[in-house]
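One structure is given below, encoded as structure tokens.
The values are calculated or read from the model by the stated rules, or taken from the named source; none is laboratory data. All of these numbers come straight from a predicted model, not from anything done at the bench. Backbone-built Cβ (ideal geometry, glycine too); neighbour counts: all protein chains shown.
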């Protein structure tokens, strides 16, 4: 299995899974071997979804604790125009959503892979990893190092 790049851009779906008690081991394992990047837009999206969608404001401190293990890229750092065009035409979603343009632009800028449950990044030229596949790749990488 191909190994993930040295940096991973984390999507809101991953942050939400972490605060719900899933993937906390994955966060520690990934952070030990990779630079984790997250945009402030992703943190704000996760905050909204936890507080308003899940109606679980008590989980907000866990969100910021997870984000503290990552490099936060401030909003407005990137021009997302090219990423919006690519996402609009992406094969996987075909829904025209450009909401994740900040994630794709961050991945392009830092030559990073994307850690997400979303399929919107297929066909963008950036490898994306689900938590299960990322953990499998990290485990295989550990075996190869022994």
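The residue that is modelled with the lowest pLDDT, among those in the stretch 94-106 that are under 17 Å from residue 42 (Cβ atoms) and in a loop (DSSP other than H, G, I, E, B), is 97. When 98, 126, 86, 42 are checked against the criterion of being farther than 16 Å from residue 10 by Cα and in contact with a helix residue (DSSP H, G or I) (Cβ under 6 Å, 6 or more places away or on another chain), a single residue qualifies: 98. Yes or no: residue 29 outside any loop (DSSP other than H, G, I, E, B), surrounded by 14 or more Cβ atoms within 10 Å (Cβ to Cβ) and at pLDDT below 95? Against the criterion (outside any loop (DSSP other than H, G, I, E, B), surrounded by 14 or more Cβ atoms within 10 Å (Cβ to Cβ) and at pLDDT below 95), residue 29 qualifies. The requirement of being surrounded by fewer than 21 Cβ atoms within 10 Å (Cβ to Cβ) and in a strand (DSSP E or B) is fulfilled somewhere in the stretch 7-25, by at least one residue.
Taken together, the criteria exclude residue 36 from residues that are buried (at least 16 other Cβ atoms within 10 Å of the Cβ), over 26 Å from residue 109 (Cα atoms), touching a helix residue (DSSP H, G or I) at 6+ places or on another chain (Cβ under 8 Å) and modelled with pLDDT of 95 or more.
Could you grab me the full set of residues in the stretch 57-82 that are in a loop (DSSP other than H, G, I, E, B) and under 16 Å from residue 24 (Cβ atoms)? Let's see the steps before the verdict.
As a first pass, look at the stretch 57-82 and keep what is in a loop (DSSP other than H, G, I, E, B): 68-70, 74-80.
Correct list: 68, 69, 70.
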